[in-house]
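Read the figures in this text as sums done on the coordinates, not as results from a lab. For clarity, every value in this text was computed on a predicted model and none was experimentally measured. Note: ideal-geometry Cβ built from the backbone for every residue, glycine included; neighbour counts use all protein chains shown.
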Amino acid sequence: MWGEGDPRWIVEARADATNVNNWHWSARMSTNATATATILCCLGVRVEGPEGFCQLTDVSKLDGEASINNRKGKLIFFYEWQLRASWLGQ
């Protein structure tokens, strides 16, 4: 159980309240890496059914941001993307 008994819980014992080992909260922007991965993932999308198929062929616009946050050892991902894509279907 995490809490004051955990050895990582040392903020109250520190006069400077340092976030030791990013235990309490840390955030890292990952917009560039995530944008590339999002485009590659979208271009691989193809949906097929008895009526036909639809496939994304190009991503012409990708706006937004993404970040990775760490709170007490748990990773939390935030992202917001707006994209414009071309598709081909039959």
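Of the numbered criteria (1) exposed (fewer than 14 other Cβ atoms within 10 Å of the Cβ); (2) in a strand (DSSP E or B); (3) more than 10 Å from the chain's Cα centre (by Cα); (4) not hydroxyl-bearing (Ser, Thr, Tyr), the one Ala37 fails is (2). Comparison of Leu56, Leu75 shows that the only residue that is in a strand (DSSP E or B), touching a strand residue (DSSP E or B) at 6+ places or on another chain (Cβ under 7 Å) and touching a residue at least 24 places away in the same chain (Cβ under 8 Å) is Leu56.
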